[in-house]
Amino acid sequence: MDMKNVNDAHFWQVDHRIKRIADVKQVEILPSSSAWEKYSWSRKYFGEKPLEGYFVWVKEQPEIPLQTCVNIVGRNIKQKFRNLLIVEEGLKIELQGFCGNIAACFKGSHRASGNIIIKKNSNVIYRHYHSWEPDNVVEPNYEFFLEENAKLDYVYKTTHTPKILSVRNKITCLRNAKVSIKILVNCQKTQFFTEDTVVLKGEGSSGISKLRLIAGKESSIKAYSRMFAQSASSGHLDCQSLVTDKGSTVKLVPEVVCDNKEAQVTHEASIGKISEEQLNYLRTRGLTKEQAINLIISGFLRI
Amino acid sequence: MKSKSLLKITNLHATTCEGKKIIKGVELTIEKGRVYALLGPNGSGKSSLAHIILGNPKYKVIKGKIIFGGKVLNGLSPEKRVRLGLAIAYQHPPVVKGVPLKVLLKIISENDFEDKFKIASKFLTRDVNSDYSGGEKKLSELLQILSLKPKLAIFDEPDSGLDIKNLHNLADIVNKELISKNTSVLVITHSGKILELLNPDMTSVMVEGKIVCGSKNYKDILKTINKYGYEKCKRCPFLAS
């Protein structure tokens, strides 16, 4: 989703003001506060009445990908989103979420938490893109719940990072549910914390979690990636980081926990620098050192 | 007709960054539009010489000059040398993960090159050099060279790991797209298999960091090497320049 095409968004909010909620036949989209009032069952997810956020209830098969867009343009804006997405049984949906600044703005914060419920036999492809000005604090925190045979392909990608970024995801998989989660972040002058937890609760469930993190320009990365196998299930954690700056630090902690003798969970982790061989190869194709580094980084983040 | 010198290397001495001497007084002149072949045993410094010409920071020039198109290359970055008209096809090109060949070709092509890309349609969308066969690697390198439109194209062991059909395909493209268009070519080869397909104007032998002999007739050189091996080249009065 392109930030310039906000008019395509089915839910669009700027600062604290909802600019657009599209009418989609198969989907009910409401401000979270309205959903809290309209559907009492939603309160078990929302808890207290939310101040802002979106409620998306996919009841039937939509014909187009769903898009949400949340922006900050003003100074000192403190967003606090509480979102709820529910996908009914047997549907196949694509969701694109974009959050970021569309103007140079300062001292803003974007805190978003939410629940994503994917019911039996449904398949969700979710692309979550962020792009922020440096002087912001951003904290997305989501819980995904995959019912039997549900599938989730989730990518979180940030190309322009704020000074503080904290990304948390917890995914619970019931029987035969499958999740693929990718966290792709290019940190520049950023304190980045991420924690993703996959719980393989049901028999036959499986999960793959991949982290690709760039530590550039005085960044600090702490990444915890966890996989809990509570049944006969399989999972893999793949954590990789490239350090492109002398003043940056990276800590990657993959953790696999197995509570079932039929389960198999594995992990790999690596932290390295940009390969001199690759760099020189691209320079002998006429790219400057900077262009070559940017291309290698974009390739590293393209998985 | 007298042709003009495009690349002139005089008394070149170079080491690795760790200080190991690998090039020990190389003299080499390549004229515009000519095909030059450099033979030599493994470890003789042929590939290192190619990478030094391109400015690979793994090596240090400690003495001598590399002049290309009248400009001294010593101290110039690889990309500046490429912009002056140099290009190299690697023997063992590295994998660049997440970067499809098509993307790289588009970045380095100045002009619309889509027609040429068609011959690599099977692997254009795959990451650069990732899981390529031997033939695909050579073709990918060749396409990158063609995209750069160089004045001098250097091929490092273009005949290694290629079957006869792929070797002929590669040589056909080099002849048609480079040699016939007056591009100079330097072919580095251990086996010499490609020479009869490219018919070089000059062929030399490099041993232990030095060019020890040369001839305008590549067949004479190959005949001697096949008969006596590379060691004999050092002492061969018949071919000594």
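The values are calculated or read from the model by the stated rules, or taken from the named source; none is laboratory data. Owing to the predicted nature of the structure, the values given are computational and were not obtained by experimental measurement. Here the Cβ positions follow ideal geometry from the backbone for every residue, glycine too, while neighbour counts run over all protein chains shown.
General remarks:
- For B:LYS176: the one exception among (1) free of Cβ contacts under 8 Å to residues at least 40 places away in the same chain; (2) farther than 21 Å from B:GLY85 by Cβ; (3) among the basic types (Lys, Arg): (2)
- Verdict on A:ARG212 being within 14 Å of chain B (Cβ to nearest Cβ) and in a loop (DSSP other than H, G, I, E, B): no
- From the options A:GLN278, A:GLN240, residue that is within 14 Å of another protein chain (Cβ to nearest Cβ), in contact (Cβ under 8 Å) with a residue 24 or more places away in the chain and crowded, with 16+ Cβ neighbours inside 10 Å: A:GLN240
- Neighbours by Cβ (under 9 Å, 6+ apart or cross-chain): first from the range B:204-231, over 30 Å from B:LYS63 (Cα atoms); second loosely packed, with under 14 Cβ neighbours inside 10 Å: B:LYS219/B:GLU196; B:ASP220/B:PHE238; B:LEU222/B:GLU196; B:THR224/B:PHE238
- Scanning the range B:131-156 for residues that are modelled with pLDDT of 95 or more and assigned to a loop (DSSP other than H, G, I, E, B) yields B:PRO150, B:LYS151.
- Test: residue in the range A:259-266 that is in contact with a strand residue (DSSP E or B) (Cβ under 9 Å, 6 or more places away or on another chain), closer than 16 Å to A:CYS239 by Cα and either surrounded by 14 or more Cβ atoms within 10 Å (Cβ to Cβ) or away from chain B (no Cβ under 11 Å) (or both): yes
- Within the range A:192-226, considering residues that are under 23 Å from A:VAL137 (Cβ atoms), modelled with pLDDT of 95 or more and more than 17 Å from the chain's Cα centre (by Cα), the one surrounded by the fewest Cβ atoms within 10 Å (Cβ to Cβ): A:SER220
- For the condition β-branched (Val, Ile, Thr) and either surrounded by fewer than 16 Cβ atoms within 10 Å (Cβ to Cβ) or touching a His at 6+ places or on another chain (Cβ under 9 Å) (or both), A:VAL87 does not qualify.
- The sole residue among B:ILE52, B:ILE30 that is among the β-branched types (Val, Ile, Thr), buried (at least 17 other Cβ atoms within 10 Å of the Cβ) and assigned to a helix (DSSP H, G or I) is B:ILE52.
- Of the strands (runs of 3 or more DSSP E) lying entirely inside the range A:1-78, those carrying at least 2 residues that are surrounded by fewer than 16 Cβ atoms within 10 Å (Cβ to Cβ) are A:17-21.
- Selection within the range A:283-295 - at the interface with chain B (Cβ under 7 Å from one of its Cβ atoms), part of a helix (DSSP H, G or I) and of a type in the set (A, V, I, L, M): A:LEU295
- Residue count for the range B:190-201 satisfying the condition of being within 14 Å of the chain's Cα centre (by Cα) and at pLDDT 90 or above: 4.
- Every pair of residues 6+ apart whose Cβ atoms lie under 8 Å, when the first sits in the range A:144-168 and is over 18 Å from A:ILE117 (Cα atoms) while the second is of a type in the set (Gly, Ala, Ser) and at pLDDT below 95: A:THR158/A:SER131; A:THR159/A:SER131; A:HIS160/A:GLY100; A:HIS160/A:SER131
- In the range B:52-62, the residues that are facing chain A (nearest Cβ under 8 Å), in contact (Cβ under 8 Å) with a residue 40 or more places away in the chain and not basic (Lys, Arg): B:LEU54, B:PRO57
- Some residue of the range B:63-86 being in a strand (DSSP E or B) and within 11 Å of chain A (Cβ to nearest Cβ): yes
- Tabulated pairs, the range B:88-105, first within 14 Å of B:THR189 (Cα to Cα), second assigned to a loop (DSSP other than H, G, I, E, B), C-beta under 7 angstrom, 6+ apart or interchain: B:ILE88/A:THR284; B:ILE88/B:LEU54; B:ALA89/B:PRO158; B:GLN91/B:GLU157; B:GLN91/B:SER160
- A single member of B:LEU12, B:LEU39 is modelled with pLDDT of 95 or more and touching a strand residue (DSSP E or B) at 6+ places or on another chain (Cβ under 6 Å), and it is B:LEU12.
- Count - residues of the range A:90-107 that are in contact (Cβ under 8 Å) with a residue 40 or more places away in the chain and in a loop (DSSP other than H, G, I, E, B): 1
- Qualifying residue in the range B:220-240 (condition: at pLDDT 90 or above and out of contact with any Gly (no Cβ under 9 Å at 6 or more places or on another chain)): no
- Among residues of the range A:249-281, those that are over 23 Å from B:LYS97 (Cα atoms), assigned to a loop (DSSP other than H, G, I, E, B) and of a type in the set (S, T, N, Q), counted: 1
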